[in-house]
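*Asks:* Before anything else, here's the structure in question.
Nothing in this text is a laboratory measurement; each read-out follows from the coordinates by a stated rule. Everything quoted here is computed from the prediction, not taken from an experiment. Because the Cβ atoms are built from the backbone with ideal geometry, glycine has one as well, and the counts that use them run over all protein chains shown.
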Amino acid sequence: GAGVSQTPSNKVTEKGKYVELRCDPISGHTALYWYRQSLGQGPEFLIYFQGTGAADDSGLPNDRFFAVRPEGSVSTLKIQRTERGDSAVYLCASSLRQGTAGANVLTFGAGSRLTVL
Amino acid sequence: KQEVTQIPAALSVPEGENLVLNCSFTDSAIYNLQWFRQDPGKGLTSLLLIQSSQREQTSGRLNASLDKSSGRSTLYIAASQPGDSATYLCAVRSLGGSEKLVFGKGTKLTVNP
């Protein structure tokens, strides 16, 4: 696609519920990133995929958070037993394979705003 | 642990003014530094990327400098316009293999017509 697409754009859920957030990266981008941005803060790294595998998941805050990218394209961020503190904008970004021109330039989606009541 | 600080947190200037946004980072072992722009309700747009071996990058009215040894970068915006109003974020990628970016909290810029 022309850009990074994230769905839903807004999600309101109740504490304790399960949530899935989807990211559709730019076609041909092998690297995919998830960040979380709380109000008044900069984005905080969660996880990075190169192809299908998670190359770095050190930013996932706890085992309630999990992300997959089974075919090396679309990724889903899954949050179990949501808590009010999970409320934030979840940003996805993609970039070209390392070693290619522009590989370090990330293209971000508009984000999914999650509100946990 | 890398930490990124941006000063000021907010800045309001009249149209036409030249301005400088500041970014500092605690660990000088960086791979690159990027400046992003974020408009309300939207994702981030990459403005400039400076590799660790570079001193500056320019794009139109924007110029970003990097002083790795002192842990500082500046974003210079010439002849500011109301359309430049946005939050500007600085992000650092450290050496060591991980491709994660560490962001500052941003500077919210308002350019008044």
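*Asks:* Provide a whole-number value for the mean count of partner chain Cβ atoms within 10 Å of the Cβ atoms in peptide B:98-108.
*Replies:* What the average comes to for B:98-108 is 6.
*Asks:* Go through region A:38-117 and name the GluC sites (Glu not before Pro) that are in a DSSP coil and have 15 or fewer other Cβ atoms within 10 Å of their Cβ.
*Replies:* Of the GluC sites (Glu not before Pro), the ones in loops of region A:38-117 whose Cβ has at most 15 other Cβ atoms within 10 Å are A:Glu71, A:Glu83.
*Asks:* Which ³J(HN,Hα) values, rounded to whole Hz and listed in residue order, are derived for region B:37-44 from phi using the Karplus coefficients 6.51, -1.76 and 1.60 in 6.51 cos²θ - 1.76 cosθ + 1.60 with θ = phi - 60°, glycine and proline given as x?
*Replies:* 10, 10, 9, x, x, 10, x, 8
*Asks:* I'd like the mean, over residues of B:41-51, of how many other protein chain beta carbons sit within 10 Å of each residue's own Cβ.
*Replies:* Averaged over the peptide's residues, the number is 5.
*Asks:* May I ask you to work out the translational diffusion coefficient for the protein assembly as shown at 20 °C, viscosity 1.002 mPa s, via Stokes-Einstein with Rh from the Kirkwood sum over Cα pairs, reported in whole µm²/s?
*Replies:* For the chosen part, D equals 118 µm²/s.
*Asks:* Would you list, by chain and number, the lysines whose Cα falls below 30 Å from the Cα of B:Lys108, excluding same-chain residues fewer than 8 positions away?
*Replies:* Here the lysines satisfying the reach criterion relative to B:Lys108 are A:Lys11, B:Lys1, B:Lys42, B:Lys68, B:Lys100.
*Asks:* Let me ask you something else. Could you pull the Rg and Dmax for region A:9-65, using just the Cα atoms, both in Å?
*Replies:* Over region A:9-65's Cα set, Rg and Dmax evaluate to 13.0, 37 Å.
*Asks:* Test of understanding: express the Cα radius of gyration of region B:23-113 as a ratio to 2.2 N^0.38 Å, with N the residue count.
*Replies:* Normalised by 2.2 N^0.38 Å, the Cα Rg of region B:23-113 equals 1.08.
*Asks:* Express the relative contact order of chain B as a whole percentage, based on alpha carbon pairs under 8 Å and six or more residues apart in sequence.
*Replies:* Relative CO of chain B lands at 37 percent.
*Asks:* Kirkwood-based Rg over Rh for region B:38-83 (C-alpha set), two decimals?
*Replies:* With Rh from the inverse mean 1/r over Cα pairs, Rg/Rh is 1.02.
*Asks:* How much of the calculated P(r) for chain A lies past 22 Å, in percent of all Cα pairs?
*Replies:* When every Cα pair of chain A is considered, 27 percent fall beyond 22 Å.
*Asks:* How much net charge surrounds A:Leu46 when only the other residues with a Cβ under 11 Å from the Cβ of A:Leu46 are counted, with Lys and Arg +1 and Asp and Glu -1?
*Replies:* Once positives and negatives cancel, what remains is -1.
*Asks:* Same structure again: Sort B:18-28, A:84-94, B:1-11 by the packing proxy (mean of other Cβ within 10 Å over each peptide's residues), most packed first.
*Replies:* A:84-94, B:18-28, B:1-11
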